[in-house]
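Data block below; observations after.
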Amino acid sequence: MSREKLSEDDSAYDDPPEGFVPSSTRGPYTTHNGPFFHKVTEDGFWHGVRVRERHCNSRGITHGGMLMAFADGLLGTAVFRETHTVALTIRMTSDFLSSARPGDWLEGTARVVKATRSVCFCEADLYVGSRPVLKANGIFKLMQRHKEG
């Protein structure tokens, strides 16, 4: 599909890879920044987004804040999938490894490294194709009063 012929307002612009479906349970901030997609595999989960001009800085590459917000969502998803508990970000560090540009498919996954009764340590990786874009590490406070089940 030639993205040059599509407006970024055209839903065909998103063109997610096979297996990705639209995410419909996101909060207002993330929904505003999307549209986002997800898929679940035997090995875990993936989130993805087609980078648009509105995701970029004045240099035409994906804004670091956008990448960090995307990674934060991945980390939070990993924590919830592992602990079934709502959690809040305590700390997040990010290493910017390369850039993403409009039209690129940005995807990522995350995993829990260690969970205690009160905090969870996790890491996320973002890619364009096989090229690493960002690596993030997070510490999340588990909100036990919001535990599922």
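Which residue fluctuates most in the GNM of the chain (Cα springs below 10 Å): GLY103, GLY65, GLY76?
In this elastic network of the chain, the residue with the biggest mean-square fluctuation among GLY103, GLY65, GLY76 is GLY65.
Out of these labelled values of semi-axes √(5λ) of the Cα gyration tensor in Å, (i) 33, 17, 15; (ii) 35, 16, 12; (iii) 28, 16, 13, which was calculated from the coordinates shown here?
The value computed from this structure is option (iii).
VAL133's amide H: which non-local residues (gap 5+, or another chain) put their own amide H closer than 5 Å, with H modeled 1.01 Å from N in plane and none for Pro or chain starts?
Distant-sequence amide H within range of VAL133: LEU126, TYR127, VAL128.
About the Cα centre of the chain, what is the dipole size in debye to 20, counting +1 per Lys and Arg Cβ and -1 per Asp and Glu Cβ, all else neutral?
Taking the Cα centre of the chain as origin, the dipole is about 640 debye.
What's the lysine pair count for region 3-146 at a Cα cut-off below 26 Å, pairs eight or more apart or interchain?
Values: LYS39/LYS114; LYS39/LYS135; LYS39/LYS141; LYS114/LYS135; LYS114/LYS141.
The result is 5.
Measure nothing fancy, just the Cα-based angle from helix 64-83's long axis to the longest principal axis of the chain, in degrees from 0 to 90, nearest 10.
Once rounded, the angle reads 40 degrees.
All of the numbers you see were taken from the coordinates with simple rules; none came from a lab. For clarity, every value in this text was computed on a predicted model and none was experimentally measured. No Cβ is skipped: glycine too gets one built from the backbone with ideal geometry, and neighbour counts run over all protein chains shown.
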